[in-house]
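Below: the structure, in structure tokens.
The values are calculated or read from the model by the stated rules, or taken from the named source; none is laboratory data. Note that the coordinates shown come from a computational prediction; the quantities given were computed from them, not determined experimentally. Quick reminder, even Gly has a Cβ in these numbers, built from the backbone with ideal geometry, and neighbours come from all protein chains shown.
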Amino acid sequence: MAVQVKGEVLDIRRIGSYFNLSMVAPGIAEHARPGHFVALNVGGDSSSLLLRRAFSIYRTEQRGVYGGTVDIVFSIAGPGTAWLADRQRHDPIDIVGPLGRPFVLPAEPVPCVLIGGGYGAAPLFTLAEKLRERGCRVDFVLGASTEDRLFGALEGKRMSQSIAITTEDGSLGERGRVTDVLPRIIERSDSAVLYACGPMGMLQAVAKTAERYGIHSQCAVEESMACGVGVCMTCVMPVIGDDGQTRMVRSCVEGPVFRGDRVRWSEVGTVPDDTIGSIAWTQATNDSLFAASAPVAVEEDLPVDGEDAFVEASDADDEGSAS
Ligand SMILES: Cc1cc2nc3c(=O)[nH]c(=O)nc-3n(C[C@H](O)[C@H](O)[C@H](O)COP(=O)(O)OP(=O)(O)OC[C@H]3O[C@@H](n4cnc5c(N)ncnc54)[C@H](O)[C@@H]3O)c2cc1C
Ligand code: FES
């Protein structure tokens, strides 16, 4: 269950292009699982930045002199994250969490590949710990545009069987994208599940790769959010349910982790016509309802009694006379 906590900044430090913010947040740390996120109030009490900002949980510590702590990793994207980057030790901070649905762990100890893009790697390390506790083989693929935007390479190396690094400019690891090396890692590790967090384009490519290999994928999405708790519908995405029907689903409560094969990636940001409740779907449903009141069986011209016999008799006569 999510709680709102008046926490405190324990520490903030720079790692490459990112900031690692540690916060005292008792009540959140204890219930957080890999894939959950927190929503932070930004800008202070008199700020016009009304909406909370969402961040994946990087680490939690449940005990300690301060109580539970929660870490996030972020880059400066705008005024909210700039404000966060200015925080000092002991500054108060208002946190809501843990939010969303976490990654689902496999029931069997199967090989898993964890794929992170930029700060999207952050939630994958606690996931790796959980998977290893279950006896799963863990391989990492981490990528970013440049070396300074790569997060957690050393940590990933420490807790995995292997790690592959890609940067788009070739400043570290192989030049290219995570999905360029992913097939090789899947084949080598005989992996059964892909777990991914990063930009939408990367998630779509990971989900496609999983489908190509006939394996399962779970993707933590980052659709823009306003309330973070399922009320405003800002974060909806077209997702296919167990019944094969597409629904607009709230990524803050039904996600942010989704099965990769269920998200209609190329239609994110739109409402596909066949989505339950869409204008086109409603129109089609209404049309079929009205169509149902039309006659079910269309009356045909039935032959008058004896007519059949007459035709047959006549035919028979003809045939008879012809023979
Ligand atoms: C579930 C979830 C987890 C996230 N985890 C992290 C994380 O671990 N680390 C991190 O740095 N950021 C994360 N984000 C993105 C983060 O919430 C935004 O960067 C932040 O809200 C920007 O706030 P701002 O006031 O600084 O910038 P704004 O002025 O709000 O936005 C600045 C720019 O960032 C873009 N932006 C805003 N929200 C998002 C978003 N959700 N995804 C992509 N671009 C966005 C805006 O379009 C704009 O161009 C996450 C978002 C979600 C929904
Ligand atoms: S952000 Fe409001 S419903 Fe998801």
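General observations
- Arg14 closer than 22 Å to Ala128 by Cα and touching a helix residue (DSSP H, G or I) at 6+ places or on another chain (Cβ under 9 Å): no
- Whichever residue in the stretch 217-245 is surrounded by 12 or more Cβ atoms within 10 Å (Cβ to Cβ) and near ligand 2 (Cβ under 6 Å from one of its atoms) and, among such residues, is farthest from Phe125 (Cα to Cα): Cys232
- Residues that are more than 10 Å from ligand 2 (Cβ to nearest atom) and within 9 Å of Cys219 (Cβ to Cβ) within the stretch 246-263 comprise Val257, Phe258, Arg259, Gly260, Val263, listed in sequence order.
- Restricting attention to the stretch 127-160, the residues that are within 22 Å of Ser17 (Cβ to Cβ) and either in the same structural domain as Val73 (by TED's automatic domain parsing) or surrounded by 21 or more Cβ atoms within 10 Å (Cβ to Cβ) (or both) total 9.
- Across the stretch 188-203, the number of residues qualifying as closer than 18 Å to Met237 by Cβ and either surrounded by fewer than 20 Cβ atoms within 10 Å (Cβ to Cβ) or modelled with pLDDT under 95 (or both) comes to 3.
- Being over 23 Å from Val104 (Cα atoms) and among the polar types (S, T, N, Q) holds for only one residue in Thr166, Thr179, and it is Thr166.
- The condition of being away from ligand 1 (no atom under 13 Å from the Cβ), at pLDDT 90 or above and not small (Gly, Ala, Ser) holds for only one of Val42, Val70, Val65, Val24, that being Val24.
- Residues in the stretch 118-175 that are in contact with a Ser or Thr (Cβ under 8 Å, 6 or more places away or on another chain) and basic (Lys, Arg) were compared, and the one that is farthest from Asp190 (Cα to Cα) is Arg149.
- Test set (1) surrounded by 14 or more Cβ atoms within 10 Å (Cβ to Cβ); (2) in contact with a Leu (Cβ under 8 Å, 6 or more places away or on another chain); (3) assigned to a loop (DSSP other than H, G, I, E, B) - Arg89 fails condition number: (1)
- Filter result (in a loop (DSSP other than H, G, I, E, B) and either modelled with pLDDT under 95 or at negative phi (or both)) within the stretch 136-169: Cys136, Arg137, Ser145, Thr146, Leu150, Phe151, Met159, Ser160, Gln161, Glu168, Asp169
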